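Please treat every number below as a calculation from the coordinates, not as lab data. Computed from a predicted structure; not experimentally measured. Note that we place each Cβ from the backbone using ideal geometry, even for glycine, and neighbour counts take in every protein chain shown.
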Amino acid sequence: MDHFLAACAFAAQEELLVFAAASTTNALGEIGTLYESQGKGHVTFAFASSSTLAKQIESGAPADLFLSADVPWMTYLEEKKRVAPGNRRELLGNRIVLIVPADSPVKLIEIKAGVALTDILGKEGRLSMGDPEHVPAGKYGRKALESLGCWDQVKDRLAPMKDVRAALVMVERAEAPLGLVYATDAAVSRKVRVVGTFPVDSHPPIIYPVAAVSGGKMDAAKAFVAFLKGPEASAIFIKYGFEVR
């Protein structure tokens, strides 16, 4: 038993490489620092769009753990047998919102069927959002805009970005008058304001699943997931606006 416990402690202290959705950057950075401060091991994070990370893992990138911003990309890796079977967990939830630069004259927008977003975009402005072809926030955004009958008016007025944080930066720099991001991304920036939140029923539930990657440091990954689902990490996620599942 002592040998088993020692092995588990060693596994927990191994260096861990976590591939995680860009929207979790701030929260996971703080959680990783806390994890290390408690002597549980060193964690390195690679943040990008879930689609980009999933493709890298499929190609053999040496990730130990994958935290996706949507279910389909995790399922994609399961089908490719790149995620260890039986260890997938639902970790977080989120919301999508409309943002404007902090000094924009735009006030609150009632997000409802037929809302005229082109009035806010003006003649030349574009809607900054994750690329709806593959970035989770963009896919959720497209579903919401379609359900509200607004997609056709904006589909040719997009600034499709590589991930949701890049979409946020476009609005922070006032290079786009309007953006669609996660509520948690808007919460970490003082350079933007939230002017509307999309109805929950306008898009599929936003779920962040997490799972160990096949061939990775399985025991260390499971230990970190246990920490992510524990009270200390949950408090940090909640502070950054995530729903803890």
Rounded to the nearest 20 Debye, what is the dipole magnitude of the chain about its Cα centre when Lys and Arg each give +1 and Asp and Glu each give -1 at the C-beta?
280 debye
List the aspartates and glutamates whose Cα lies under 16 Å from the Cα of LYS239, skipping any in the same chain that are fewer than 8 positions away.
GLU30, ASP185
Equivalent-ellipsoid semi-axes (√(5λ), Cα gyration tensor) for the chain, whole Å, largest first?
36, 18, 14
Mind ranking 75-82, 218-225, 235-242, 165-172 by how tightly packed they are, going by the mean number of other C-beta atoms within 10 angstrom, highest first?
165-172, 218-225, 235-242, 75-82
Pull up the cross-link candidates among the lysines for LYS155, meaning alpha carbon to alpha carbon under 19 Å and not fewer than 8 places away within one chain.
LYS112, LYS123, LYS139, LYS143
At each listed q (0.14 Å⁻¹), what is the log10 of I(q)/I(0) that the Debye formula gives for the stretch 96-202 modelled as equal alpha-carbon point scatterers?
-0.43
Report the charge-dipole magnitude of the stretch 96-202 in Debye, nearest 20, computed about the Cα centre from +1 at each Lys and Arg Cβ and -1 at each Asp and Glu Cβ.
180 debye
When the charge dipole of the chain is computed with +1 at the Cβ of Lys and Arg and -1 at the Cβ of Asp and Glu, the Cα pointing farthest to the positive end, of LEU91, HIS203, THR184, is that of HIS203
The stretch 169-245 and the stretch 41-86: distance between their alpha carbon centers, rounded to Å
16 Å
Sorted by packing (mean other beta-carbon atoms within 10 Å per residue), highest first, where do 124-132, 176-184 land?
176-184, 124-132
Give me the lysines in straight-line cross-link reach of LYS222: C-alpha distance below 21 Å, same-chain residues under 8 apart excluded.
LYS40, LYS80, LYS81
